[in-house]
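To start, the structure itself, in structure tokens.
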Amino acid sequence: MMRFPELFVKVQVGNQIMRTKTAGPNPNRSMINPYWSEELMFVVAEPIEDFLFLSVEDRVGPGREEAVGRVMLPVAAIERRHDDKQVVSRWFNLDNHFGNAVESKLVARFGSKIHLRLSLDGGYHVLDESTMYSSDVRPTAKQLWKPSYWCS
């Protein structure tokens with residue numbers, strides 16, 4: 001009996017883990033070409049030393065998932081967005097052999113890709129203290145600061 005894949009994407013940055021919904025059936029797309037169109041947002045602090053770990057997984061049974069492919073990207077290499085223009089999306093190769101690098105080159109396997117739009121937005125100020133006692137509530141990006149008005 002044929003089983004349709006129940007694919008979802010799991011993304012981890014530091015200790016934050018998020019996942020997409022399962023790619024459902026779409027009359028305009030085949031099941032071998034899943035589509036999510038979801039936005040996931042993670043908080044990272046400077047200096048940016050974290051990695052983005054992304055895995056496409058298939059739910060093969062209750063509480064049982066199998067990785068179909070993975071990609072690991074340094075967060076520091078992700079394009080910074082400085083204005084309201086949309087960031088260009090890119091294709092990334094999914095690694096589907098999870099052994100060491102030498103074994104990976106020796107084994108010829110089918111390769112998949114994932115189309116992602118990644119960006120770093122530096123205009124947010126994440127408070128790590130109570131707002132009642134906060135001394136600096138301005139956005140991190142200077143272009144978002146409100147102009148100062150002086151009265152004499």
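List the number of the failed condition for M72; all other conditions in (1) at pLDDT 90 or above; (2) under 19 Å from D121 (Cα atoms); (3) out of contact with any Lys or Arg (no Cβ under 9 Å at 6 or more places or on another chain) hold.
Failing condition for M72: (2).
Give segment 46-65 a look and list any residue that's surrounded by 11 or more Cβ atoms within 10 Å (Cβ to Cβ), in a strand (DSSP E or B) and not aromatic (F, W, Y), or say none.
Result: L52, L54, S55, V56, E57, D58, R59, V60, E65.
Within segment 81-111, how many residues are outside any loop (DSSP other than H, G, I, E, B) and modelled with pLDDT under 85?
Counting residues in segment 81-111 that are outside any loop (DSSP other than H, G, I, E, B) and modelled with pLDDT under 85 gives 7.
Restricting to segment 17-44, name every residue that is more than 20 Å from the chain's Cα centre (by Cα) and either surrounded by 10 or more Cβ atoms within 10 Å (Cβ to Cβ) or modelled with pLDDT of 90 or more (or both).
N26, R29, M31
The values are calculated or read from the model by the stated rules, or taken from the named source; none is laboratory data. This structure is a prediction, so every number in the text was calculated from the model and none was measured. All Cβ positions, even for glycine, are placed from backbone atoms using ideal geometry, and neighbour counts span all protein chains on display.
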